[in-house]
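Let me begin by presenting the structure, written as structure tokens, before commenting on it.
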Amino acid sequence: MNAKPDVIRKCFWPICLVGLFLTSVLSQSCDLLYVHLNRVTWQNLKLLSHMSNPFPVECLKEKKAFELPQEILSHTQPVKRHIEEAFYEISSQVFNIFSQHACKSAWDEKHLKQIQIGLHQQVEYLERCLEEEEKESEDMKQMEEKISGSGDRETLLNNLKLRRYFNRLGNFLKDKKYSQCAWEIVLVEIRRCVFYYFQKFTTLLRKK
Amino acid sequence: MPVNPLPCCCDSQTTNAPIPKVENLPIPSPAHFSFPSIAFVYISLVFVTSHALPDFLEKPCTLKITLRNFQSIFSWELKNHSIVPTHYTLWYTIMSKPEGMKMVEGCTNITRPFCDLTDLWNNMHETYIPRVVAFKGNTELVSCVDSIFLPLNMSFDPPDFEIVDSMGHINVIVKFPYNAPKISVDRLRRHLSLVIEQRSEEIVKKHKPKITGNVTGDFVYVLDKLIPNTNYCVSVYFEPKNLRAVIRSPLKCTLLPGLEPESSESAIIGGIVTVFLIATVFISSIVTLKRIGYIYLRYNLPDALNFYNRPAWIFPEPPPLEAVDTVDVIYINRKKKVRDYNSDDETDSEDETAPRVSAGGYTRHGLITKLLTQASTSLSTSKESQLIDLDVGEDYLSEAEAEPPLVPEPSSGQSECASGPYDRRESELQDPFSEEDNSSTEGSGDRIIFNVNLNSVFVRALDNDDDGDVSPMLPEETVDLENPDEMESSFLIPREEGMPPPFPSTSEEHLESEDAPSEKSDSSESDVDIGDGYVMR
């Protein structure tokens, strides 16, 4: 009777590793965008939470409203490509913030590298998926220009709003001279931004 | 709602150590103040506070946000249990908004250490900053501040449930509130999975039922395929989809009832029925295989394996002699009419008699070729047709029974045998190889006549021919109707006028009919017996 649990115990970790490997391999496919976003986003959120815990109470007086653009992809029937473009813009901007030289003094190097690697992987993945979608839609370009001409314009507007938002974060850091409190506040805001769009985009992808 | 200013840093540094009251301390007189005393007091204060530094730097409270019965419950607990506050007050702020701390209505000057924030903390993406202040009277004892990010900080209490065991299965009844807030239901669907864990000895089985529709009232899940007389424990909990830690409910265990005596009787009955069914299936399969021929079952053993009749086996009886039937050969001369479809031959069939069959079943017939019909055209056309038309095919006539008109006669004797049906037949015989005009055959184009040399044919000898019906001879040679040139020369009988017709059998028939014995004697003298009853003439 004890043979079966022993076998299970022996095989448990190899099976887990294989499962994680398969998950990571399969999630690299652009058809599994939801799976990839789910896995990578939660990893980044946990890292960000580790970095900002506990939040220094003394920094509360410096907090600011950065006006996250919540209307992105809210009014139209977004296609998968629009979601990928929005998430690509967000990931790129966040990566740029954490790649600034002044960030190194604010955070633990180990955590900083981990978050940079995670964000870089996400950016590369979304770049590849966008390139694949462009190749697939080359034949339909003329048709799409008429249909999604407004979609392209909206994509540009959305990207513009996102860039303005991240500019505000950057300016806040600059104004606060990259103080610890400024970094803490910006980190909390980035975590909020990532989770908000993660919730929104995964809901849209599940509907598809 | 009164708004407190932002707490200063010192609020979070509130010590847990009891603060000595100033009135209890001995007040030294100015005469006693000296440098050593001051130094001693200073060092003491530093020493005391240094001991309190760990507590001073650590959070004095543990703040938790829990989803319990679909309610977001914020609770706290003082780490220093020696501090017993009389009441608490809760404030909070949101990081994304520039506003300060806000007091929570319904959580002011409360004695309970928790507060329901379901309607206040609605957004999962926000970071909330709660502050709990513990008072004793009007004295602020402790102030606790923290940051709460719901997706990572919220824990999920397991739901209430009951288990009801039945015959071979367990019903798990999960109790959900009837008026669950919509926000909590959405939160559950999005971020959580309900897990029912079944434990038996060392085996753990997880069930993740899908909850569809409204999450209200009792949700029943059945655990089946269980082993009787086994102890099963069940635990129910929510599992976050981001694979964070879970909070399991306490196990609820039950011992599944085993088989009762009545059930053992039913087991016996069930066993008997099962055996009966198996036997039925087996027998029916054997019968089916036998019927379809897959199995050959013999009821009787072969004689070689029959050991019952041992004397017979040892001394086998001689096989019985084979019975040999005597064969009586009856020769039947048959004439076959050549049916010419261009003329009216049907009337001839009326005059045809049934073919005669010998005792041995032999019938004889001849073949008629076209060329022979040509050969027959040289015969006098003035005479009535007296040629024998031998049928090839269906129409057979027994010459013995045939009317004499069927038999060709010599010109002198033809008239004797002539009869009505033959009046229409031509009697000319010609050399089949002649190329003469066959105008006579044209006149009798519906007749095919050929000559047969009886000297070259085999006829069966009559040994015991008591039957006068047997007529000895008609040739039974086949002639190639397609190429009559290939006929054997033996068949060819050049005919001259006055010569007897090439069918001596016909004449013999006449003779037979008139004088049968003499005919036979003649045939016997000129025949050559080649064995097996056949004679070559």
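The values are calculated or read from the model by the stated rules, or taken from the named source; none is laboratory data. Because the structure is predicted, anything quoted here is derived from the model rather than measured. Counting neighbours? That spans all protein chains shown, and the Cβs are built from the backbone with ideal geometry, glycine included.
Does any residue of region B:153-174 turn out to be surrounded by fewer than 13 Cβ atoms within 10 Å (Cβ to Cβ) and hydrophobic (A, V, I, L, M, F, W, C)? Yes, the conditions are met somewhere in region B:153-174.
Among the residues of region B:58-73, those that are away from chain A (no Cβ under 14 Å) and more than 10 Å from B:ASP146 (Cβ to Cβ) comprise B:THR66, B:LEU67, B:ARG68, B:ASN69, B:PHE70, B:GLN71, B:SER72, B:ILE73. Among the candidates B:GLU201, B:GLU126, B:GLU140, the residue that is acidic (Asp, Glu) and at positive phi is uniquely B:GLU201. If I filter region B:216-236 down to residues being under 27 Å from B:THR66 (Cβ atoms) and hydroxyl-bearing (Ser, Thr, Tyr), which single residue comes out as surrounded by the fewest Cβ atoms within 10 Å (Cβ to Cβ)? Checking each candidate, the answer is B:THR216. The set of residues in region A:168-189 being charged (D, E, K, R), more than 10 Å from chain B (Cβ to nearest Cβ) and in contact (Cβ under 8 Å) with a residue 40 or more places away in the chain consists of A:ARG168, A:LYS176. For region A:79-89, the condition holds for no residue, the condition being that it is within 14 Å of chain B (Cβ to nearest Cβ) and either within 20 Å of A:LYS207 (Cβ to Cβ) or touching a helix residue (DSSP H, G or I) at 6+ places or on another chain (Cβ under 8 Å) (or both).
None of A:LEU68, A:LEU60 is out of contact with any helix residue (DSSP H, G or I) (no Cβ under 6 Å at 6 or more places or on another chain) and modelled with pLDDT of 90 or more except A:LEU60.
None of B:GLU239, B:GLU265, B:GLU197 is without any contact (Cβ under 8 Å) to a residue 40 or more places away in the chain, acidic (Asp, Glu) and either part of a strand (DSSP E or B) or loosely packed, with under 15 Cβ neighbours inside 10 Å (or both) except B:GLU265. Looking across region A:32-78, the residues that are in a loop (DSSP other than H, G, I, E, B), more than 8 Å from chain B (Cβ to nearest Cβ) and either more than 24 Å from B:THR93 (Cβ to Cβ) or not polar (S, T, N, Q) (or both) come down to A:PRO56, A:GLU67, A:PRO69, A:GLU71, A:ILE72, A:LEU73, A:SER74, A:HIS75, A:THR76, A:GLN77, A:PRO78.
Please return the ranges of strands (runs of 3 or more DSSP E) entirely within region B:90-141 where 3 or more residues are without any contact (Cβ under 8 Å) to a residue 24 or more places away in the chain and away from every other protein chain (no Cβ under 14 Å). The strands (runs of 3 or more DSSP E) meeting that bar are B:101-110.
A quick yes/no check of all residues on (1) within 14 Å of chain B (Cβ to nearest Cβ); (2) closer than 21 Å to A:ARG81 by Cα; (3) at pLDDT below 90:
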| site | (1), (2), (3) |
| --- | --- |
| A:ILE97 | no, no, no |
| A:ALA106 | no, no, yes |
| A:LEU130 | no, yes, yes |
| A:GLN142 | no, yes, yes |
| A:GLY149 | no, yes, yes |
| A:LEU156 | no, yes, yes |
| A:PHE166 | no, no, no |
| A:ARG191 | yes, no, no |
